[in-house]
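What follows is a single structure, written as structure tokens, with notes after it.
Derivation of every value follows stated rules applied to the coordinates shown; laboratory data play no part. What you are looking at is a predicted structure, and each value in this text was computed from that prediction instead of being measured. No Cβ is skipped: glycine too gets one built from the backbone with ideal geometry, and neighbour counts run over all protein chains shown.
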Amino acid sequence: MSIKVALRRSLDIEGLIKEIDQPQVKAVIYFFSVELERFEPHKALTRAFPHAACIGASMIGGWCTTGAGEKGIVAMSLSSDEVEETCIALQEGVKQDPALATQKIIAELKRKIGYRRLYPNTYLGLVFLDGLCRGEELMRCFSLEKGFNLNLIGGAAADELTFTKTLVSADEKCSDDGVAVLVMKMKIPFYCNHYVHYLPTATSFVITKAQPDKRIVWEIEGQDAAVFYAKTIGVSGVDKLTASHFAKNPVGIVMEIRCMYAAKMRLLIEKVYSFTAP
């Protein structure tokens, strides 16, 4: 029939379900405030759409065509007009060993799909992962896996920038230490687009001490990282830094990709630059 979306800024699961309901729902994708976990929205949606694959993640704000909300729940349903088949799975243990968890979920998905070839112009994958795990390692494993050549979109679950607990769910399962994947065989054309919502500044610097496996930067240009960062963005002291400062003034690594001999690729990490919200 169509793709239907809905947003509720409070816990109104029944109203949300009615708004996205349609004949032959094949997949439901949703995002919710982590504080709604105790109401088990994953179970309510799965019960409402027993023949659909339901995948979700906790969020920091949500939006759809009807507007945006800082808290609540936003959902989208796809019907059999858009999706022919679905395959969904969830694996835990991503904090301890993201690579192993990825290997397990890929093996489960391959088994459920029947080890068929996944053509990237037909199959689309959604990956939602614990926002407090080493997600880079997890996505690296997905991208290097042979026989899993499909478009993967998604991202890390959030928790209102408290960085304490993030959730992902697949059907009636929900975890604060997991990765959820939904693979859809599409019946309609699709493409993946990417937007960068930050503008680069002229500021660059070198990280001189870090702990990559823990995702911690200790020093920048030989100085305490927090002190250097606060001074760079114009904050009077480290004690004045909040999560909103980093949200508005993130840092990123600029990478240049060059073709070598028409087949090989060389990845050059140039510098670390600061960015600012437009």
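Laid out as a table, the results:
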quantity	calculated
In Hz, Karplus ³J(HN,Hα) per residue of the range 207-215 (6.51, -1.76, 1.60; θ = phi - 60°; x = Gly, Pro)	7, 9, 8, 8, 10, x, 5, 9, 6
Longest site-free stretch - the chain; sites: GluC sites (Glu not before Pro), DSSP loop, at most 15 other Cβ within 10 Å	71-144
Magnitude of the charge dipole, the chain, Cβ model with Lys/Arg +1 and Asp/Glu -1, debye to 20	760
Relative contact order of the range 3-186, pairs being alpha-carbon contacts under 8 Å that are 6 or more residues apart, as %	29
Excluding exposed DSSP-loop trypsin sites (Lys or Arg not before Pro) (at most 12 other C-beta within 10 Å), longest clean stretch of the chain	1-115
Among Ser169, Val181, Gln223 the positive-end extreme of the charge dipole of the chain (Cβ point charges)	Val181
Nonlocal amide H pairs with Lys4, under 5 Å, H built at 1.01 Å	Ser77
³J(HN,Hα), Karplus 6.51/-1.76/1.60, whole Hz, each residue of the range 53-59, x for Gly, Pro	8, 10, 10, x, 7, 6, 9
For Ala53, distant residues with modelled amide H under 5 Å away	Ala27, Val28
Those lysines that a straight Cα-Cα span of less than 22 Å connects to Lys240, excepting residues fewer than 8 apart in one chain	Lys231, Lys248
Span from the the range 22-61 Cα centroid across to the the range 211-239 one, whole angstrom	38
Backbone HN-Hα couplings from phi across the range 236-242 [Karplus 6.51/-1.76/1.60, Hz, Gly and Pro as x]	5, x, 4, 5, 8, 6, 10
Calculated log10 I(q)/I(0) by the Debye sum over Cα atoms at q = 0.07, 0.13, 0.17 Å⁻¹ (choose from (1) -0.30, -1.00, -1.44; (2) -0.28, -0.87, -1.36; (3) -0.24, -0.87, -1.49), label	(1)
Mean ellipticity per residue at 222 nm, deg cm²/dmol - from DSSP H runs of n ≥ 4 across the chain, formula -39500 (n - 2.57)	-6000 deg cm²/dmol
